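What follows is a short report on a single structure.
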Amino acid sequence: MADRLLKVNAYTTLDLVDATVRGHDFAEEAFAVCNATAARESPDHVTLQFELDNMTEEVLPAHMEELQLTPEQARTLAAELEEQADRVEASEGGS
């Protein structure tokens with residue numbers, strides 16, 4: 001990801017994850033970076049950032065998606081991720 005917008009370091013939440021970008025007439029698979037963070041001093045929201053590796057993805061220019069979440073929204077998302085992770089683990093165990 002030579003043209004990366006999102007800084008990746010030892011504190012990045014997920015520095016390499018499989019991703020897909022979809023549009024009305026395309027779907028491209030790529031690697032991605034995903035990070036959850038908040039300001040070090042006086043944080044007022046949680047930031048969730050996501051960037052696809054644009055070295056392999058050819059449809060969109062380099063870009064990063066960013067959500068600003070309230071603590072309640074971040075906890076709702078975290079709870080849903082936990083629930084879905086439990087479902088996947090249960091399915092894998094039952095296969």
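Stretched out fully, how many nm does the piece from Asp86 to Gln68 gain, at 0.36 nm a residue minus the Cα gap?
Length difference between fully extended and current span is 3.9 nm.
Go ahead and collect, in residue order, the members of segment 46-86 whose backbone nitrogen is under 17 Å from a label point 7 Å along the Cα-Cβ direction of Leu5.
Backbone N within reach: 47-69.
What fraction of the Cα pairs in segment 14-70, stated in percent, has a spacing above 15 angstrom?
53 percent
What chymotrypsin sites (Phe, Trp or Tyr not before Pro) in the chain are in a loop by DSSP, with at most 12 other Cβ atoms within 10 Å of the Cβ?
Tyr11
Where Rh denotes the Kirkwood radius from the mean inverse Cα pair distance, what is Rg over Rh for the chain?
With Rg and the Kirkwood Rh in hand, the quotient comes to 1.02.
Could you go through segment 64-74 in sequence order and give the Karplus-derived ³J(HN,Hα) for each residue, using 6.51 cos²θ - 1.76 cosθ + 1.60 with θ = phi - 60°, rounded to whole Hz, and x for Gly and Pro?
Karplus values, whole Hz, x for Gly and Pro: 9, 8, 9, 10, 9, 10, 6, x, 5, 5, 4.
Assigning unit charges at the beta carbon (Lys, Arg +1; Asp, Glu -1) and nothing else, what dipole magnitude in debye, to the nearest 20, does the chain show about its Cα centre?
320 debye
Which value at 222 nm does the chain reach when only helices count, each DSSP H run of 4 or more adding -39,500 (n - 2.57), with the total divided by all residues and rounded to the nearest 500 deg cm²/dmol?
Helix contribution divided over all residues of the chain: -9000 deg cm²/dmol.
Rule-based calculations on the coordinates, nothing more; no lab input. From a predicted model like this one, the values you see are computed outputs, not experimental measurements. Please note: Cβ atoms are built from the backbone with ideal geometry, for glycine as well, and neighbour counts cover all protein chains shown.
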